[in-house]
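Engineer: Here it is, the structure in full.
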Amino acid sequence: ALSVAQAQTPQPAAAEHYYTQQELDQMLAPIALYPDPLLTQILMASTYPLEIVEADRWRRAHADLKGDALEQAATAKDWDPSVRGLTAFPDVLKRMSENLDWTKDLGDAFLEQKDGVMDAVQSMRRRAMKAGNLESTPQQTVVKEKETIIIQPAQPEVVYVPQYASSQVYGPAYVPPAPYYPGVWGYPPGYVA
């Protein structure tokens, strides 16, 4: 009878983990300079880490699908729309799947500390802009409205994924903390369509 009573007694909920500013900066440094539509998609999709893994496996098995055929096939899957949208970005999907701890933590931070996540993105963008590494290019348009830095694709129908080394793009005054997950996303500067 005691074990039944214990089983029916509600257990206290696990304490939510709140990330420090340094943890948020580490977590967001690899993606803070992505165009807003893609960044938003990543943040929302990160709240579905298992679907990310499924979508990555599905995308690898269907690497030949492109354009409308890809969109139609992905629509048939029972994933969150943000995850389905990332099937158009197989490299991003792959990195999120291969760094599942990072993806899960990013999703948790986005759900629990949305304002902190958005503040960290803006902080990283201000650092990159101050260092001269964030400006409008043929691939993207960068606009500063008051304290908010907005990054949009230069052509709405084409989204380029910027590639950059977090340890360099935020300027010499920025001493990057140890990577949140070593080797998550370090690239030479450039873009991938």
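The values are calculated or read from the model by the stated rules, or taken from the named source; none is laboratory data. Keep in mind that this is a model prediction, so the values were computed, not measured. Cβ coordinates were reconstructed from backbone atoms using ideal geometry, including for glycine residues, and neighbour counts include every protein chain displayed. In case anyone asks, the SASA skips ligands and DNA or RNA and just uses the protein heavy atoms, side chains included. Shrake-Rupley method; radii C 1.70, N 1.55, O 1.52, S 1.80 Å.
Engineer: Less than 15 Å apart at the alpha-carbon level, and either on another chain or at least 8 residues along: which aspartates and glutamates does that give for LYS94?
Structural biologist: Leaving aside aspartates and glutamates fewer than 8 places away in the same chain, those within reach of LYS94 are GLU51, GLU54, ASP56.
Engineer: Right, here's the next one. How long are the three semi-axes of the equivalent ellipsoid for the stretch 81-144, computed from the Cα gyration tensor as the root of 5 times each eigenvalue, in whole Å, largest first?
Structural biologist: They are 24, 18, 11 Å, listed largest first.
Engineer: Hey, if we sort THR137, THR75 by accessible area with the 1.4 Å probe, largest down, what's the order?
Structural biologist: Numbers: THR137 40, THR75 85 Å².
Largest accessible area first, the list is THR75, THR137.
Engineer: To continue, here is another question. Taking all protein chains in place and a 1.4 Å probe, what share, in percent, of the accessible surface of the stretch 123-175 do carbon and sulfur account for? Mind dumping the intermediate values first?
Structural biologist: Numbers: 1590 of 3110 Å².
Summing carbon and sulfur atoms, their accessible area is 51 percent of the total for the stretch 123-175.
Engineer: Give me the lysines in straight-line cross-link reach of LYS130: C-alpha distance below 23 Å, same-chain residues under 8 apart excluded.
Structural biologist: Result set, ordered by chain and number: LYS144, LYS146.
Engineer: Subtract the Cα-Cα distance of ASP80 and GLN152 from 0.36 nm times their separation in residues, and report this length gain in nm to one decimal.
Structural biologist: Additional length available on full extension: 23.6 nm.
Engineer: By average Cβ neighbour count within 10 Å, what is the ranking of 23-30, 141-148 from highest down? Kindly include the intermediate steps, with their values, before the conclusion.
Structural biologist: On the way: 23-30: 23.4, 141-148: 10.8.
In decreasing order of mean packing, 23-30, 141-148 become 23-30, 141-148.
Engineer: Provide Rg and Dmax in Å for the stretch 40-158, with only Cα atoms included in the calculation.
Structural biologist: 15.9, 45
Engineer: Rule-of-thumb check for the stretch 37-86: C-alpha Rg over 2.2 N^0.38 Å?
Structural biologist: Numbers: Rg = 10.4 Å, N = 50, 2.2 N^0.38 = 9.7 Å.
Relative to the 2.2 N^0.38 Å estimate, the stretch 37-86 comes out at 1.06.
Engineer: Leaving ligands, DNA and RNA out of it, work out the accessible area of ILE149 with a 1.4 Å probe and give it in Å² to the nearest 10.
Structural biologist: The accessible area of ILE149 comes to roughly 0 Å².
Engineer: Once you place label points 7 Å from the Cα toward the Cβ at ALA165 and THR141, how far apart are they in nm?
Structural biologist: 3.2 nm
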